[in-house]
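Reading through the structure tokens given below for one structure.
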Amino acid sequence: MKKKLSELTAAAVRVWRHEWAQRVRVATAVLLVSLTGVVLGTMLLAQSEIPVGPFRADMSISPSLEGGTEVDIPPLGSLHLDSHDGPLHLKVNLGALDQQRTEALIDDPTAIGLAGQSAVDDVTRGVLQLSLRALGAAIVCALVLAAIIFRNLRRVATAGVLALVVTGGSMGLAAGTIRPDSIGEPRYEGLLVNAPAVVGDARRIADNYGRYADQLAQLVGNVSRIYTTVSSLPVEPSGNTTRILHVSDLHLNPTTWNVIKTVVKSWDIDAVVDTGDIVDWGSSAETTYVNGISQIGVPYIYVRGNHDSAAIQAAVARQKNAVVLDNATYTINGLTLAGIGDPEFTPDKSETPEAADPANPAANRLLLAGERLATTIRQSKTPIGVALVHDPAMAPPLSGVVPVVLAGHTHRREVRILPAPTAPTDGASASPAPSAAPTPTTQTRLLIEGSTGGAGLRGLEKEDPTPLQLSVLYFDENQTLKAYDDINLGGTGQSNVEMQRKVIGIEPEPTPAPSTSASSTPSR
């Protein structure tokens, strides 16, 4: 037995040391090194940025058994096309607008049509450029890796030839199996899956979007027009003025960040206040949208809306310049703000939340949240100048407690004077407020902001698109609201910009709203 085992071992050694066995081992090693170089080259270096219309498209190629094309449209999601067979996967990211190309399109209306006609040529040229880059990267990586491992000119050259054959063959297979009709049958991922539910009547929106298509690029032009329009407004004279930009209901509109950044720079804003509904569904896929907050450059003070989940609130809190108020306070330049998040989470617009019982206000979650914030303000050792809520139905308990309340939710700008609080009827005397808090006779002004995101895609449901609205508020060193600028930008497909300054004490005061049982306004 031992003799037979010894003979087998000797035979195996002879085979292993045979010339042809050595050649097979070397060939296998060269092939593996070449394939490794191809994979590393395509994954690390097969990337290219090309202009497609007003977009900067980031294109990349990666090894794949199934092939296909993925088009990312942040923050909405992605489209997956069965465009070709493997072993290469094409990825296109349309996440950025090229400012210079966009301005050129706006300045030259004829260029918009030419850009659409040349989009196919842009993509074709980009794919060819990316293919050449991938081919070169694969060959170079294979050569470098082979040179490091083998240090033999012949083996290095063989590895390079193999990389050329493998990469070129893969591209040939992809080109030979292209299916142009696949663009008509995409597979959706992310928020695009819920698009019909998010925007309501998709057919009506499609019809309106078609009507507005030739004017959409002008929306970006609003950003530049703000610069020229603001120069005609009177400048606030006081050097101790705190400027607050009030935004609300962005609803996932990606153009809104550019508008906010422009206003922050033009008005020398000290802080941005967002009264909620920054997204639509509160899903984890939407958390990347709030990354735009970090680009604003000033503190971004936020309260949760009824479309914002706890995950969205946490994503906002992770931004370096964000301040999340949930029954808390924050001071900026001597102005102290208190805010609380919406207690309801109702992102599904197909369902109407149960109406509150007017006979039992204690069961109204919105009023209870307002009461909690009012208690926090009364107990604060620092005087509070502004209260932040999402739904105006949360504001009644704040009447007489704070001079100014900011809200959103309704997608309609409005200014009210809250009715004076009613005295207790159960014989119990109200607990005295700390000296720092406003006296119960303080008149409370409620400023409801429209939708700074133009209601998102839902703004296209109506014949007239929802305008983008935001306001600049001016507070003096005593936390007194002195004036505010209302800014209106025409909705999607429109290019008009309107601004109006209103000075407190000069403009006609709104009459106090009638005292009625508070209930939640319709969910938006």
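The values are calculated or read from the model by the stated rules, or taken from the named source; none is laboratory data. Since this is a predicted model, take the numbers as computed values, not measurements. Every residue, glycine as well, gets a Cβ built from its backbone with ideal geometry; the counts of neighbours run over all protein chains shown. With ligands, DNA and RNA removed, areas are computed over all heavy atoms of the protein, side chains included. Shrake-Rupley method; radii C 1.70, N 1.55, O 1.52, S 1.80 Å.
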Requested in this report: Kindly report, to the nearest 10 Å², the accessible surface of Trp267 as traced by a 1.4 Å probe over protein heavy atoms only.
Outcome: 10
Query raised in the report: Using 7 Å Cα-to-Cβ label points, what is the Asn333/Leu65 separation (nm, one decimal)?
Result: 6.0
Query raised in the report: Across the stretch 302-315, in residue order, what do the Karplus-derived ³J(HN,Hα) couplings come to in whole Hz, using 6.51 cos²θ - 1.76 cosθ + 1.60 with θ = phi - 60° and x for Gly and Pro?
Result: 10, 10, 5, x, 6, 9, 9, 7, 4, 5, 5, 4, 5, 5
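Can you tell me what percent of all Cα-Cα pairs in the stretch 247-323 are more than 17 Å apart? Please report the intermediate quantities before stating the final value.
Working: 1049 of 2926 pairs.
I get 36 percent for the Cα pairs in the stretch 247-323 exceeding 17 Å.
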**Report entry** Nearest-0.05 FRET efficiency for Glu414 and Gln129, computed from C-beta distance (R0 60 Å)
**Finding:** 0.70
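How high is the FRET efficiency from Ser284 to Leu368, r the C-beta distance, R0 30 Å, rounded to 0.05?
0.60
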Query raised in the report: Say each of Arg151 and Asp58 gets a label point 7 Å from the Cα, pointing the same way as Cα to Cβ; how far apart are those two points in nm?
Result: 4.0
Query raised in the report: For Leu31 and Thr375, what does the FRET efficiency come to when R0 = 45 Å and r is the distance between their Cβ atoms, rounded to the nearest 0.05?
Result: 0.05
Query raised in the report: How far apart, in nm, are two points set 7 Å out from the Cα along the Cα-to-Cβ line at Leu44 and at Asp326?
Result: 4.3
